[in-house]
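Report on one structure; see the data block that follows.
Readers should treat all values here as calculations from the given coordinates under stated rules, not as data from a laboratory. These numbers come from a predicted model, not from an experiment. Glycine gets a Cβ as well: all are built from the backbone with ideal geometry, and neighbour counts include every protein chain shown.
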Amino acid sequence: MKSNDLFSLENKVIVITGATGVLGESFALAVAGAGAKVAILGRNEEKANARVKAITENGGEAIAVITDVLNEESLVTAKNQILSTWGTIDGLVNAAGGNIPGATISPDQNLFDINISDTQKAVELNLFGTVYPTHVFGRVIAEKGKGSIVNISSLAAQRPLTRVLGYTMGKNAIEGYTKWMAVELALRYGDKVRVNALAPGVFLTEQNRSLLTNTDGTFTDRAQRFVNHTPFGRLGSPEELNGTLIYLLSDASAFVNGETILVDGGFNAYSGV
């Protein structure tokens, strides 16, 4: 096999949850560019159809599947739609997740006044928004005996970041779940079924641009602190996650299982001196 073939996703069917989001969009386009057939999963039909259009206009193959990652019945319907279209599933990217404003606490708030209900919702979205799809789509992968599941963790699971308690708890749980499922699936279904996680650092997207930049384009104080603690001296761009994602989905990572790969410009490695 040629070395570049190791990274090919040619003719593989890849399911991406949260594909209507900012990082999900980048993931979907990259996976399609590597040759995969892509199932675009999300709740926003307009955005899902736009992702499909962008892929098909570039010669790729994709379908939009409207579903809710916290609704198992909805996910089973989505699975059946994908199987009726392409007959199989070879990979799953659990990109659905994110922060919930009520699950954060600002510096001027009393630490013990955090909204517990919203914190639970943040954990549910990030953890169970990965667990449910894994149990529905991952079952197809496991029973065929080959495939790759990639969960999306965060720098927040490696270094506790101030303010974002619910998100931090959810992403820490993702890493534990990744290791547990990686072990169980391999023991029960063999060495061709893998589960790993991709952990982004701080990436500048349209979704968080107002939080990280001022109206004049300069960084907010919080963003500047992230930059100062990153050896690369900048924030990441979504497309800089794509190579690692394709690696984890492809045969190039055939012996990689239960791992979390950080893509953070060296933030986690830096002690500050």
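Here are the numbers:
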{"read-out": "Nonlocal amide H pairs with K37, under 5 Å, H built at 1.01 Å", "value": "N11, K12, V13, I14"}
{"read-out": "Separation in nanometres of the label points that stand 7 Å from Cα toward Cβ, at E57 and K144", "value": "3.0 nm"}
{"read-out": "Reachable aspartates and glutamates, given that their alpha-carbon falls under 13 Å from the alpha-carbon of K53 and they are not under 8 places away in the same chain", "value": "E25, E45, E61"}
{"read-out": "Fluctuation leader among V256, V13, V195 - the chain, Gaussian network, Cα springs under 10 angstrom", "value": "V256"}
{"read-out": "Expected 222 nm ellipticity per residue - DSSP helices of 4 or more, -39500 (n - 2.57), all of the chain, to 500", "value": "-12500 deg cm²/dmol"}
{"read-out": "Fluctuation leader among P238, P133, P101 - the chain, Gaussian network, Cα springs under 10 angstrom", "value": "P101"}
{"read-out": "Förster-model FRET efficiency, 41 Å R0, L111 and E10, C-beta, rounded to 0.05", "value": "0.20"}
{"read-out": "Highest-MSF residue in the chain out of L198, L161, L127 [GNM, Cα springs under 10 Å]", "value": "L161"}
{"read-out": "Cut-off under 5 Å, modelled amide H: who pairs with I261 long-range", "value": "A197, L198, A199"}
